[in-house]
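One structure is given below, encoded as structure tokens.
The values are calculated or read from the model by the stated rules, or taken from the named source; none is laboratory data. Just so you know, these numbers come straight off a predicted model, no measurement behind them. Every residue, glycine as well, gets a Cβ built from its backbone with ideal geometry; the counts of neighbours run over all protein chains shown. Only protein heavy atoms, including side chains, enter the accessible area calculation; ligands, DNA and RNA are left aside. Shrake-Rupley method; radii C 1.70, N 1.55, O 1.52, S 1.80 Å.
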Amino acid sequence: MLKSANCGDIRESHIGTSPTLAGWVARRRDHGGIIFLDLRDRSGVVQVVFNPERSPEAYRIAEQLRSEWVVQLTGPVSRRPAGSENPAMPTGNVEVYAESAQVLNQCLTPPFYITDDVEVDESLRLRYRYLDLRRPLMLRNLELRHKVVKFIRDFLDARGFLEIETPILIKSTPEGARDFLVPSRLQRGSFYALPQSPQQLKQLLMVSGVEKYFQIARCFRDEDLRADRQPEFTQLDLEMSFVDQDDILALAEALYTQMVATVTPEKRLISPFPRLTYDEAMRRFGSDKPDLRFGLEMTDVTDLAKETQFRVFHTTIEKGGIIKGFVVPGGGSYVTQQVRDLEQAARDAGAAGLSHLRLRGSGLLGNLKEEDVVISAGLRMPIEWTRRLAERMGARPGDMILLMAGPSKQCNQWLSTLRNQMGQKLGLADPNLLAFAFVTGFPLFEWNEETKRWDSAHHPFTAPATGEEPLLEGNDMERIRSKAYDLVCNGMELASGSIRIHRPELQEKIFAILGYNKEQVQARFGHLLEAFQYGAPPHGGIAPGIDRLVTILTGASSIRDVIAFPKTQSGADLLFGAPSPVDAHQLRELGIRLTE
């Protein structure tokens, strides 16, 4: 080893020893003949002193050093002089006097400072990712990710799970997103697909008698990207036989509860995890992944809106839409510009507009007077109606009521976006609280208006809820609930899973409802249906996303900050310059010709 100790580990207990250190020059300061150097490695930073009287040769080398040069040095550890300690550094009470030094490698001038407190354009960070990862914050993110994955492996191993790798090159099957296709050279004209998830593979492992399986799986989806999406991502893939929904949710809750206590003990969580049905989550929060760190619950007031003369409300209701909103505590004192900012936020979320009622003053709702209410144009109603609206929504004098009108799905989306923004703006979302919750009872199907057919709300292997199977013979598909469930935290979906179909006749019925004919079913899923005829056990699983979990635990704003080498939002790899063209010879070998 080129070093006998780590920079960040040097403490007062090392005084009197002479360790050999190696790392990068984080900072160099020349103070009147004495050179101070902050030497950084993965463990942290320690101050090194070069004194020309103690070691002229080491001092001569220190005069040449520049930012991010790689050096090795040896010298005794001493206590810093009184008054020069740095309590912000774990090594701030000591320093190393360099007696020998060696330059291991030089460095070009970095395109940005390797510190956490400098704002750098993300494109530049991704282009020079190997420099970006030297920053202490990024290294801490990767270290926490390692600890999370290690905890998962140890936790599941102790409970009898087998970690089994499944293929990366598989068959293309419809599972919700576009596949990444890989052309086969040996079978020209045929393609592999990169797995969107190991869904069918883990179900086949259950048929194989494995009973408890997991892997830290790489998954690939060719879809539009956002801050919480990447074309390739990592999930914990987990499947169990002879279980029901409660067994899987209990295991997931134990995993996350113990993980947080071990890996990020400074975080708090709500325990036991609340359980909401899909319908309840949509009704109360307008989202199937609600942030439960704060209230701001929503109320449907369509019936009260019918009493108004507001044309927007009446037009929406006539078209089958809803009027819904929530209360902003203390919003009654908002000035006009603050209200306009909220209206712009609503438009940014996709809404056509936003109605409001500001209830001025304080005291009892029954004492509210006409002059105490500031209301959107066109919505003015008698004070009795305002009191009834406020009572329904839980508003009091001093609060503000926000209302939106639109189709149910879109109205919920707009309000949910605005609710999350208000939760942050009002400081209601505690960054150290992890508000986990399970959402259950999802619809089994959802109508695709574009294709005029039913799609799986989860995936086509999800079992209908207990007692719902007879409804498959009818026409009310939207009523059928499933045995699908999500784990959400702080407004983000962390995991999704379900109890699977294990009987071939039921699976074939689901495929038929989704519009697949027998030939398509055989071509795409014949291997799975055949396996189900050889004694498939009841089984189910869940697939928590590793990237999103670490994002929440670190407080990062994007999953790109917890992935070593991520892609941009356009799917580009700025470090390697991928995707990139390939030469004509490679295409000819694959039997591929490019066309416009």
Original post:
Tally Lys and Arg at +1 and Asp and Glu at -1 over the other residues with C-beta under 15 Å from the C-beta of residue 410: what net charge comes out?
Top reply: 0
Subject >> FRET efficiency, 1/(1 + (r/R0)^6) with R0 25 Å, evaluated for residue 572 and residue 450 via beta carbons >> reply: 0.30
Original post:
With every protein chain present, what accessible area does residue 94 have (1.4 Å probe, heavy atoms only), rounded to the nearest 10 Å²?
Top reply: 0
**OP:** Show 458, 146, 527 ordered by accessible area, largest first, where the area counts protein heavy atoms only and the probe is 1.4 Å.
**Re:** 146, 527, 458
Subject >> 262, 551, reordered so the largest accessible area comes first (probe 1.4 Å) >> reply: 262, 551
Subject >> Per-residue SASA entry for residue 14, accessible area with 1.4 Å probe, Å² rounded to 10 >> reply: 50
Original post:
How much of the accessible area of the stretch 1-133, probe 1.4 Å, is carbon plus sulfur, in whole percent?
Top reply: 50
Subject >> Cross-link reach list, lysines versus residue 171, counting only Cα pairs under 17 Å and skipping chain neighbours closer than eight places >> reply: 202
Original post:
What does the convex hull of the alpha-carbon atoms of the stretch 336-403 project to on average, in nm²?
Top reply: 4.6
Original post:
Any idea what log10 I(q)/I(0) is at q = 0.15, 0.19, 0.26 Å⁻¹ for the stretch 134-224, Debye with uniform C-alpha scatterers and no solvent?
Top reply: -0.79, -0.98, -1.19
Subject >> Kirkwood hydrodynamic radius of the stretch 155-274, from inverse mean 1/r over distinct Cα pairs, in Å >> reply: 16.7
**OP:** Have a look at 160, 466, 496 and report the one farthest towards the positive end of the charge dipole of the chain, computed about the Cα centre with Cβ charges (Lys/Arg +1, Asp/Glu -1).
**Re:** 496
Subject >> Convex hull of the stretch 392-436 built on C-alpha atoms - directionally averaged projected area, nm² >> reply: 4.6
Original post:
For the stretch 485-559, what percent of Cα pairs sit more than 20 Å apart?
Top reply: 51
Subject >> Pair-distance profile P(r), taking every C-alpha pair of the stretch 247-396, with 10 angstrom steps and integer % >> reply: 9, 30, 30, 16, 12, 3
Original post:
Taking N as the number of residues in the stretch 456-596, what is its alpha-carbon radius of gyration divided by 2.2 N^0.38 Å?
Top reply: 1.47
**OP:** May I ask for the distance between the Cα centers of the stretch 370-437 and the stretch 493-538, given as a whole number of Å?
**Re:** 44
Subject >> Intensity falloff of the stretch 192-259 expressed as log10 I(q)/I(0), Debye formula with alpha-carbon point scatterers, at q = 0.16, 0.29 Å⁻¹ >> reply: -0.70, -1.21
**OP:** Just need the Rg to Rh number for the stretch 418-497, please, alpha carbons only, Kirkwood Rh.
**Re:** 1.12
Original post:
What nm value, rounded to one decimal, do you get for the distance between residue 70 and residue 232 when each label is placed 7 Å out toward the C-beta?
Top reply: 2.5
Original post:
How much length is gained if the chain between residue 348 and residue 109 is pulled fully straight, taking 0.36 nm per residue apart and subtracting their Cα-Cα distance, in nm to one decimal?
Top reply: 81.9 nm
Original post:
For the stretch 473-518, rounded, prolate or oblate, judged on the Cα gyration tensor with a ≥ b ≥ c (square roots of eigenvalues), a/c < 1.5 rounded, else prolate if a/b > b/c?
Top reply: prolate
Original post:
Given the Cα-Cα distance of residue 503 and residue 375 and 0.36 nm per residue of separation, how much length would full extension add, in nm?
Top reply: 40.3 nm
Original post:
Based on the Cα coordinates of the stretch 317-368, what is the per residue volume of their convex hull in Å³?
Top reply: 110
Subject >> Translational D in µm²/s for the stretch 283-342 (Stokes-Einstein at 4 °C, 1.567 mPa s, Kirkwood Rh from C-alpha pairs) >> reply: 95
Subject >> Listed residues 284, 178, 218 arranged by accessible area, highest first, probe 1.4 Å >> reply: 178, 218, 284
Subject >> Relative intensity, log₁₀ I(q)/I(0), of the stretch 14-106 from a Debye sum that treats every alpha carbon as a point, q = 0.18 Å⁻¹ >> reply: -0.74
**OP:** Please label the shape of the stretch 187-226 as rounded, prolate or oblate, based on the square roots a ≥ b ≥ c of the eigenvalues of the alpha-carbon gyration tensor (a/c under 1.5 means rounded; beyond that, a/b larger than b/c means prolate, else oblate).
**Re:** oblate
Original post:
For the stretch 539-596, what is the Kirkwood hydrodynamic radius in Å, using each pair of distinct C-alpha atoms?
Top reply: 14.9
Original post:
Under the rule of -39500 (n - 2.57) per DSSP H run of 4 or more residues, summed and divided by the residues of the chain, what mean residue ellipticity at 222 nm is obtained, to the nearest 500 deg cm²/dmol?
Top reply: -8500 deg cm²/dmol
Original post:
Along the Cα-to-Cβ line of residue 477, 7 Å from the Cα, sits a label point; which residues in the stretch 422-462 have backbone N less than 17 Å from it?
Top reply: 442-462
Subject >> Modelled FRET efficiency - R0 51 Å, residue 529 with residue 147, Cβ distances, 0.05 increments >> reply: 0.80
Original post:
So what J values fall out for the stretch 578-591 if you push phi through Karplus, 6.51 cos²θ - 1.76 cosθ + 1.60 with θ = phi - 60°, rounded to Hz, Gly and Pro as x?
Top reply: 10, x, 9, x, 10, 6, 4, 4, 4, 5, 4, 4, 8, x
Original post:
So how exposed is residue 447, as accessible area in Å² (1.4 Å probe, rounded to 10)?
Top reply: 120
**OP:** For the chain, just say rounded, prolate or oblate: build the C-alpha gyration tensor, square-root its eigenvalues into a ≥ b ≥ c, call rounded for a/c under 1.5, and beyond that prolate if a/b exceeds b/c, oblate if not.
**Re:** oblate
**OP:** For residue 36 and residue 582, compute 0.36 nm times the residue count separating them, minus their Cα-Cα distance, and round to one decimal in nm.
**Re:** 191.6 nm
Original post:
Any idea how far the Cα center of the stretch 80-119 sits from the one of the stretch 561-596, in Å?
Top reply: 39
Original post:
Over the Cα atoms of the stretch 75-172, Rg to Rh with Kirkwood Rh, two decimal places?
Top reply: 1.15
Original post:
What do you get for Rg/Rh over the stretch 65-108 if you use C-alpha atoms and the Kirkwood form of Rh?
Top reply: 1.07
Original post:
Distances over 12 Å make up what percent of all Cα-Cα pairs in the stretch 1-44?
Top reply: 65
